[in-house]
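Note sheet for the following structure.
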């Protein structure tokens with residue numbers, strides 16, 4: 001499914017002006033500071049950012065997994081029109097694992113080390129649906145087969161430690177898909193895996209979304225991974241979305257200087273052996289962000305206006321940029337390979 | 001680039017043996033058959049690195065690339081085989097020569113958090129070794145450290161700080177400054193940039209390249225990130241389950257890998273592409289090194305495998321000048 005048609009369908013998830021702050025002794029950490037995004041049914045949204053950009057906290061906020069000292073202070077999260085920020089614990093509980101599921105970076109965060117795979121999968125089904133144990137077990141077996149696990153019947157009897165890293169992540173994905181959810185939030189699920197295994201997992205996830213119509217938010221720091229997987233991309237920097245758009249548009253013609261910097265610093269975009277185009281400086285501390293645009297101090301295009309925080313502006317259909325002085329289209333095309 | 005090999009390894013192997021635990025020993029006494037478990041981490045590997053060369057060592061987890069790097073750096077003793085440094089057997093060096101050889105080969109580690117002593121100030125992390133080895137004097141240490149920090153792009157003002165006060169990228173730079181402080185000729189970088197964010201990775205890669213031209217350094221660059229390896233190396237060695245499967249110059253290899261594993265690995269590299277792509281992953285998982293497949297280790301996952309691959313270990317053969325590959329298909 002390519003090209004989201006906004007008007008026709010209601011988005012599976014719409015996040016609007018979300019602010020999640022952490023009230024620590026040292027001060028308020030604005031981990032997520034005004035994030036708006038949406039995903040349509042069957043669509044894969046790539047949420048890209050470096051460590052500390054707030055991409056994971058955005059994912060956790062959607063599922064209501066923020067613990068004190070963190071708190072959602074503002075904004076709305078609507079799942080199929082239902083407001084989640086004010087939902088009761090029971091309401092959230094009935095959604096989590098059934099309608100909205102999460103895949104974590106470390107599958108051992110999802111899997112209980114002392115329970116067999118079948119026990120955990122049957123529980124996931126039976127908590128949400130009134131089905132017999134045999135029926136639940138059959139669904140578990142089918143879910144394992146669907147993510148490409150060979151001989152699922154015998155894998156069901158394994159404990160998590162008996163499986164390899166790639167297998168564990170597949171089991172975690174199978175658990176996320178088992179109740180045929182409307183939305184899956186995947187938080188760096190392939191970062192810890194080898195490239196050949198990563199390619200397998202990406203293939204499974206892509207096929208499953210296309211087959212089941214599940215919407216997915218794929219959180220990652222790796223633009224290369226989402227560029228071949230996602231329909232749309234949202235780039236985050238210091239707690240805010242700085243650029244969104246269709247994958248091809250963002251990758252081909254990035255408009256925010258940060259997005260362009262990220263793409264240009266990837267080795268394959270530079271002539272072999274040449275110096276890489278690098279973004280100077282380092283990610284600022286969330287406690288002590290520069291005034292105005294948070295990227296201002298590292299930006300080659302900063303102007304006086306950047307001392308004010310730029311609002312996010314629509315620059316095309318479904319294409320938004322948070323920048324006063326965006327990269328011009330002509331020069332935004334990825335750097336020419338200088339000898 | 002001169003033709004002389006700076007470091008060469010012949011038939012290098014490392015086996016890790018797990019002794020049976022108490023329960024296993026008791027079972028053994030009672031007559032049960034309990035065998036020691038042996039991991040062939042590195043299995044008869046030859047490697048030659050010329051002066052001034054940057055060699056990339058690539059493979060997936062468990063292929064033995066780190067173990068090989070550590071043996072070459074002298075941190076692990078090989079079970080079998082020999083390492084030569086500037087043509088001399090490392091085991092046969094006199095103690096003064098061995099000392100010099102150890103200083104000349106330095107290692108940069110993956111985890112910038114675990115490889116720095118959390119209770120030492122940057123000043124002593126970087127400055128201790130050169131003082132001990134007489135490269136600088138205790139009174140000259142402060143200015144020597146300043147100089148080292150400036151070289152890796154850190155502000156010398158920071159030298160009184162502890163590692164936890166730095167970001168990941170800065171810690172990497174401290175690790176690099178520590179290695180440079182003893183004037184090495186050869187750096188073994190074990191996944192030195194894997195833990196860093198993309199924008200910081202680019203900075204550190206640039207630093208490695210600047211240092212190379214400034215100090216005429218030789219690198220063994222161990223990484224699973226093929227994009228980075230393609231960018232900075234002259235030659236690439238690909239390992240699978242403890243054995244080298246292919247080695248060639250970077251351009252040649254990335255233009256057309258010969259070994260089926262190298263082909264699969266290169267095809268899986270995620271690249272920034274403009275269109276959605278369909279993935280055609282190679283099947284199966286990396287087998288356990290405790291119980292590697294017979295014959296060619298890659299045959300259970302190889303699309304071209306035939307009978308001979310199951311029975312006979314393919315030898316590394318030169319298939320073009322400077323290019324070796326271990327695959328039976330090349331005989332056909």
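The values are calculated or read from the model by the stated rules, or taken from the named source; none is laboratory data. Just so we're clear, the structure is a prediction, and the values are computed from it rather than from any experiment. Reconstructed Cβ throughout: ideal geometry from the backbone, glycine too, with neighbour counts over all protein chains shown.
Data overview
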| read-out | value |
| --- | --- |
| Residues that are touching a strand residue (DSSP E or B) at 6+ places or on another chain (Cβ under 9 Å) and either over 22 Å from residue A:277 (Cα atoms) or at pLDDT 85 or above (or both), drawn from segment B:193-208 | B:208 |
| Filter result for residue A:228 (under 19 Å from residue A:44 (Cβ atoms), crowded, with 20+ Cβ neighbours inside 10 Å and free of Cβ contacts under 8 Å to residues at least 60 places away in the same chain) | yes |
| Matching entry among A:274, A:300 (being farther than 24 Å from residue A:226 by Cα, surrounded by fewer than 20 Cβ atoms within 10 Å (Cβ to Cβ), modelled with pLDDT of 80 or more and in contact with a helix residue (DSSP H, G or I) (Cβ under 7 Å, 6 or more places away or on another chain)) | A:300 |
| Per-region count, segment B:222-233, residues part of a strand (DSSP E or B) and either more than 25 Å from residue B:42 (Cβ to Cβ) or within 12 Å of chain A (Cβ to nearest Cβ) (or both) | 1 |
| Residue in segment A:12-40 that is surrounded by the fewest Cβ atoms within 10 Å (Cβ to Cβ), counting only those that are part of a loop (DSSP other than H, G, I, E, B) and at pLDDT 90 or above | A:40 |
| Spans of strands (runs of 3 or more DSSP E) in segment A:163-244 with at least 1 residues within 13 Å of chain B (Cβ to nearest Cβ) | A:215-220, A:232-237 |
| Qualifying residue in segment B:89-104 (condition: surrounded by fewer than 20 Cβ atoms within 10 Å (Cβ to Cβ), in contact (Cβ under 8 Å) with a residue 24 or more places away in the chain and closer than 28 Å to residue B:315 by Cβ) | no |
| Residues of segment B:167-198 classified as part of a helix (DSSP H, G or I) and either touching a residue at least 24 places away in the same chain (Cβ under 8 Å) or under 12 Å from residue B:154 (Cβ atoms) (or both), total | 13 |
| Boolean, residue A:262 is in contact with a helix residue (DSSP H, G or I) (Cβ under 7 Å, 6 or more places away or on another chain), closer than 25 Å to residue B:210 by Cβ and assigned to a loop (DSSP other than H, G, I, E, B) | no |
| Unique match (being over 21 Å from residue B:216 (Cα atoms) and touching a residue at least 12 places away in the same chain (Cβ under 8 Å)) among B:69, B:134, B:56, B:62 | B:62 |
| Test result for residue A:314, modelled with pLDDT under 85, over 17 Å from residue A:237 (Cβ atoms) and away from chain B (no Cβ under 14 Å) | no |
| Residue within segment A:284-291 that is within 13 Å of another protein chain (Cβ to nearest Cβ) and either surrounded by 14 or more Cβ atoms within 10 Å (Cβ to Cβ) or more than 20 Å from residue A:33 (Cα to Cα) (or both) present | yes |
